[in-house]
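The values are calculated or read from the model by the stated rules, or taken from the named source; none is laboratory data. These numbers were taken from a predicted model, which means no experiment stands behind them. Cβ sites come from the backbone with ideal geometry, for glycine too, and all protein chains shown count toward neighbours.
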Amino acid sequence: MLETIWFIIWGILWGVYFMLDGFDLGIGSLLPFLGKKQEDRGAMIRAMGPHWDGNEVWLITAGGVTFAAFPGTYAVMFSALYSPLLIILFGLIFRGVSMEFRHQIHTPGWRNMWDSFLFLGSVIPAVLFGVAFANIFQGIPIDAAGVYHGSLLSLLNPYGLMGGVLFLLLFVQHGALWLAAKTDGDMQQRAGGLAAKLWIPLTLAAVAFLVHTWFATNLYGNYLATPVLWAIPAIAVSALLGARVFMAGKAWWKAWFASCLTILACTLFGVAGLYPSLLPSSMDPAFSMTIANSASSTLTLKIMLGVALTFVPIVIIYQTWSYTLFKDHMRDGSGHGY
């Protein structure tokens, strides 16, 4: 029972991370396209400035839960997916450094250099997160000892790349909607218009991914065995359609919250299909890392549950306060200080 509870917590934490840091990654990925002028790029960075580092707390939490609750899975995952995870780490580091360094010297060359790092530090993690999770969904070649029989290139298979494209489109639209909600004037019009244009390719990518998932993975097995789980993809579809309706009415905050629900439901779709596996093996199902063979002791899980029930609400309260404090529009539309 405790293992199942922690599996659910594990999936929700990843979903919350993608939901929150997704708009930061999306804004960074849009920097060359919506940030034609230095003032525009400064405004885009300022729109996510108060939140991006707090959002990454959920990544640390998700990774920490993997380590503490399922150490066996953590060991195999960070061995098998070492290359993409290390690239993601460096990308996130350069993204954070870029936002701090770009305004230290006020010359075009200096700012353009760090803006390039910010762009790459957003696009690359967004794509590789999708590639990593898509490969987890379809299973990775690990043997009975947890040894990975593959390479970085083998992860860039068609299904993995489809996951990367889907995550990038989810995050880019999410970021555009955040900009439309936080800004006004020309930036709001361009960001909102781009979000609306991205909806069609995002929908097509999602449909293609769901169809390919039927043939490339065993995720639908849980859904066929437990029909109530179909509520998860139903919520994702409804939220995606709702976002388009809200965009048509220029209700940007409602559209952004619908996008949040879409990302969360998409993540939970894959997590629910994995159960009870955390890291399926494509070599032999018996080699998979599951909640049974990779979990910590019962005592550890009990202690951790008490810690989580104490501190996670504190994090939620703090972030709620932070988002409420900086909820207003950036009415000057400028990026002074950035």
Across the range 104-132, the tally of residues that are in a helix (DSSP H, G or I), without any contact (Cβ under 8 Å) to a residue 24 or more places away in the chain and among the aliphatic types (A, V, I, L, M) stands at 1
Tabulated pairs, the range 315-332, first closer than 18 Å to Leu177 by Cβ and of a type in the set (Phe, Trp, Tyr), second modelled with pLDDT under 90 and loosely packed, with under 13 Cβ neighbours inside 10 Å, C-beta under 8 angstrom, 6+ apart or interchain | Phe326/Pro50
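Step by step: first the residues of the range 144-175, then only those that are more than 19 Å from His212 (Cβ to Cβ), modelled with pLDDT under 95 and touching a helix residue (DSSP H, G or I) at 6+ places or on another chain (Cβ under 7 Å), then the one that is surrounded by the fewest Cβ atoms within 10 Å (Cβ to Cβ). Which residue is that? Give the steps one after another, and end with the answer.
Filtering the range 144-175 down to residues more than 19 Å from His212 (Cβ to Cβ) leaves 144-153, 171-175.
When the remaining residues are screened for being modelled with pLDDT under 95, the result is 144-153.
Next cut, touching a helix residue (DSSP H, G or I) at 6+ places or on another chain (Cβ under 7 Å) only: 144, 146, 148, 152.
Working: Ala144: 10, Gly146: 18, Tyr148: 18, Leu152: 14.
My answer is Ala144.
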In the range 8-38, residue farthest from the chain's Cα centre (by Cα) [restricted to those that are more than 28 Å from Met187 (Cα to Cα) and of a type in the set (Phe, Trp, Tyr)] = Trp10
Which numbered condition Met99 fails, given (1) closer than 28 Å to Ala295 by Cβ; (2) of a type in the set (A, V, I, L, M); (3) not in a loop (DSSP other than H, G, I, E, B) | (1)
Output yes when any residue across the range 133-145 is in a helix (DSSP H, G or I), in contact with a strand residue (DSSP E or B) (Cβ under 8 Å, 6 or more places away or on another chain) and touching a residue at least 12 places away in the same chain (Cβ under 8 Å), and no when none is.
-> yes
Ile5 fails exactly one of the following numbered conditions: (1) assigned to a helix (DSSP H, G or I); (2) more than 30 Å from Met289 (Cα to Cα); (3) more than 17 Å from the chain's Cα centre (by Cα); (4) not polar (S, T, N, Q). What is the number of that condition?
-> (2)
When Leu278 is run through (1) surrounded by fewer than 12 Cβ atoms within 10 Å (Cβ to Cβ); (2) in a strand (DSSP E or B), the failure sits at (1)
Per the filter on the range 294-314, residues in contact with an Asp or Glu (Cβ under 8 Å, 6 or more places away or on another chain) and either part of a loop (DSSP other than H, G, I, E, B) or of a type in the set (Gly, Ala, Ser) (or both) are Ala295
The helices (runs of 4 or more DSSP H) lying wholly within the range 24-70 that contain at least 3 residues that are among the hydrophobic types (A, V, I, L, M, F, W, C) and modelled with pLDDT of 90 or more are 38-48, 57-69
